[in-house]
Amino acid sequence: MIGRRAFLRRSGGTLAVGAAGAALGMGWTRSASADCTGATITDGVLSRFRSRIQGSVILPVDTQYATARLGFNRRFDPYPVIIVRAAGTADVARTIEFARTNGITLAIRSGGHSYIGASGGSGVVLDLSAMNSIASLGNGHFQIGAGAQLQQVYGALRCQENMTIPCGSCDTVGFGGIAQGGGFGYLQQAHGITLDRVRSARVVLADGTVVDASPEADADLFWAIRGAGGGSLGVATDFTVEAVPYKTIHVIGWYWPLASAGEALDRFASLQESGAVPRSATVALVFNNGAASLAPAQCVCVLFSTGTLAEAEATKQLFVGPGGIRATPGLGFQYDADSPACDPHAVAQRDYYRAKSAIVYGQPAADTGDYLRYWLERRVADPMFSPSDSATVNFLTFGGAVSDVGPSDTAFPHRDALLEVQFLGYLQNPTTQSIRKNQAWIQGLYADVFPRLSVHGEGCYVNYCDDDLTEAQWTSRYWGANYPRLQVTKRRVDPADFFHGKQTIRL
């Protein structure tokens, strides 16, 4: 292996960062994306920086670089010039200073799950994964590092105090990202979204200042950090949260014929809109190509309840009993889950996918289910896609505790929503042709379905960020009427717009 100093000698004693390319050693270069500004890092500058970092500084010639540079989505193939795996807040502040003074862009990574590749890039990647401590503060309060994965969070809260927190179902997501954007999950009707449980956040600003934002200290930044999403205002390094008592989650799933997709979606939305679904239950309606490939084709409804088993069964009957839609005989499942995560022992497995979202404020148009059925059946029939190239449109109930908070009480504006929707198209073994086909499929699906979901107002989720949206669309759909206030906060804490990315708050 070529050592760091040999690498620097080979590249003329510098790391060149800019439009000409980012040096990767081994005698070759790779073109950098346009997010770098033409800086040059000398051997001495790099050595001084490295000596001030307690964590790891990873360069392209280091053996761990090949895996350290990667995020969760295989759609993106970033080659950062430097990766800093921070050990603490001081490392974060010094990395910000290094990037700022050397004119290099900074990407922040908690778990690396950004849907638009924002946690990578060709500049400096600030990796918070080692800042993953979880400590009990007593009385149900915990301090959680931004790099802690959800599987770690659920396990630690349960073991330390028999508590949990409303959060997501993807085990390897970093807490820092989900807590700043929102945090949808299977406990949200009962306990709200993740950011509703945040009581303070430590944030390192562009000038290196460390702020402990709370209702008592920099209340405006505290307001903004809960809903702005990561990467716009500063680097949130850890959070104080108030957990909730742990309860077993009863999971009950049933199937409906895909031919009844319109009726199923109408029943699902109507029950949620009427308030009939109890707070103890969050319900998902899932249209995917796996169920659609059954004979006859199906869609799936899944109930997650922290009530008693009898209460969960009674909630199911609202959907499939008298006045509901009869479940398909012979299909279905039921089990108890220890946490809202899919698998508390999961190992990160990188996927290739494209994603989109919608926030639904009222009953979808009557023909929405017909379009969902059309696009799923079209994917199943297309020989370009294998059965392992999964696709899903996942509806999740809003309301309950989510709506107890006002639309302007935090930067997350979608408090009056009825449902949230995630669109995903995966490829197991992507090729040039299948990548184009997958993109065309999800864009066509979305073009037909999003307007029908948005008859009562448009919205999208900042943590399901979508690089097909224009700036006017994503600023409006992510933050709505809260965006001007976010801009005011942005101008105060980051007046030079150092934290500037694909879809960050603009000055």
Selection from segment 287-314 of residues surrounded by fewer than 19 Cβ atoms within 10 Å (Cβ to Cβ) and modelled with pLDDT of 95 or more yields V302, G307, T308, L309, A310, E311, E313, A314
For segment 248-307, what are the residues that are within 26 Å of Y154 (Cα to Cα), out of contact with any His (no Cβ under 8 Å at 6 or more places or on another chain) and among the small types (G, A, S)? G253, S280, A281, A284
Could you list all residues from segment 51-76 that are in contact with a Phe, Trp or Tyr (Cβ under 6 Å, 6 or more places away or on another chain), surrounded by fewer than 19 Cβ atoms within 10 Å (Cβ to Cβ) and of a type in the set (V, I, T)? none
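Select, from S434, S388, S408, the only residue that is in contact with a strand residue (DSSP E or B) (Cβ under 9 Å, 6 or more places away or on another chain) and part of a loop (DSSP other than H, G, I, E, B).
Values: S434 fails: part of a loop (DSSP other than H, G, I, E, B); S408 fails: in contact with a strand residue (DSSP E or B) (Cβ under 9 Å, 6 or more places away or on another chain).
Exactly one residue qualifies, and that residue is S388.
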Contact list, first residue from segment 188-211 and assigned by TED's automatic domain parsing to the domain that holds G400, second anywhere and surrounded by fewer than 24 Cβ atoms within 10 Å (Cβ to Cβ) and not in a strand (DSSP E or B), beta-carbon distance below 9 Å, six or more apart or interchain, is none
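Among residues belonging to segment 197-241 that are part of a strand (DSSP E or B) and of a type outside the set (A, V, I, L, M), point out the one that is farthest from G406 (Cα to Cα). Reasoning before the result, please.
Looking only at segment 197-241, we keep the residues that are part of a strand (DSSP E or B), and these are 198-204, 210-213, 235-241.
Checking the rest, the ones that are also of a type outside the set (A, V, I, L, M) come to 199-200, 202, 212, 237-240.
Numbers: R199: 17, S200: 19, R202: 24, D212: 24, T237: 26, D238: 25, F239: 22, T240: 21 Å.
Looking at the filtered set, the residue picked out is T237.
Against the definition (surrounded by fewer than 20 Cβ atoms within 10 Å (Cβ to Cβ), among the hydroxyl-bearing types (S, T, Y), closer than 29 Å to I359 by Cα and more than 17 Å from the chain's Cα centre (by Cα)), how does S136 come out, yes or no? Steps first, please.
Working: surrounded by fewer than 20 Cβ atoms within 10 Å (Cβ to Cβ): yes; among the hydroxyl-bearing types (S, T, Y): yes; closer than 29 Å to I359 by Cα: no; more than 17 Å from the chain's Cα centre (by Cα): yes.
No, not satisfied.
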Residue among V462, V421 that alone is surrounded by 14 or more Cβ atoms within 10 Å (Cβ to Cβ) and in contact with a helix residue (DSSP H, G or I) (Cβ under 6 Å, 6 or more places away or on another chain): V462
Those residues of segment 69-93 which are at pLDDT below 95 and outside any loop (DSSP other than H, G, I, E, B), in sequence order: N73
Residue check, G253 against (1) touching a residue at least 24 places away in the same chain (Cβ under 8 Å); (2) in contact with a helix residue (DSSP H, G or I) (Cβ under 9 Å, 6 or more places away or on another chain), all met but one. Which one? (2)
Selection from segment 391-405 of residues in contact with a Lys or Arg (Cβ under 9 Å, 6 or more places away or on another chain), on the phi < 0 side of the Ramachandran plot, surrounded by 20 or more Cβ atoms within 10 Å (Cβ to Cβ) and not in a loop (DSSP other than H, G, I, E, B) yields A391, V402
Of (1) among the hydrophobic types (A, V, I, L, M, F, W, C); (2) part of a strand (DSSP E or B); (3) surrounded by fewer than 18 Cβ atoms within 10 Å (Cβ to Cβ), W254 fails just (3)
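Among the residues of segment 113-124, is any part of a strand (DSSP E or B) and farther than 13 Å from I82 by Cβ?
No.
Does G103 count as at pLDDT below 95 and under 20 Å from L233 (Cβ atoms)?
Working: at pLDDT below 95: yes; under 20 Å from L233 (Cβ atoms): no.
No: the conditions fail for G103.
The values are calculated or read from the model by the stated rules, or taken from the named source; none is laboratory data. None of these values were measured; they are calculated from a predicted model. For neighbour counting, all protein chains shown are included, and Cβ atoms are generated from backbone atoms with ideal geometry for every residue, glycine included.
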